[in-house]
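See below for the structure under consideration.
The values are calculated or read from the model by the stated rules, or taken from the named source; none is laboratory data. Everything numeric here is computed off the predicted structure, so don't read it as measured data. We place every Cβ from the backbone using ideal geometry, glycine too, and count neighbours over all the protein chains shown.
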């Protein structure tokens, strides 16, 4: 798809499903945006429209707290 071109209808639904799947499989919004040649803001908007719960900045840090406490995550 051409950068900056408006995406509507079935094409937007398909793109939404693909971006949602990628994000839920661990890619960052920035990585999804780069893969599709779209902006961070566009991907954020599409994921929000899709009802995807967005992760907080910095990813999952719970394992880092466990490591600092001298415990293994497993």
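Some notes on this structure:
- Enumeration of residues in region 1-33 that are under 14 Å from the mean Cα position of the chain (by Cα) and more than 17 Å from residue 55 (Cβ to Cβ): 15, 16, 17, 18
- Of 30, 64, all but one fail to be modelled with pLDDT under 95 and part of a helix (DSSP H, G or I); the exception is 64.
- For region 19-44, a residue qualifies if it is touching a helix residue (DSSP H, G or I) at 6+ places or on another chain (Cβ under 8 Å) and without any contact (Cβ under 8 Å) to a residue 24 or more places away in the chain, and the qualifying residues are 22, 27, 30, 31, 32, 33, 35, 39, 40, 42, 44.
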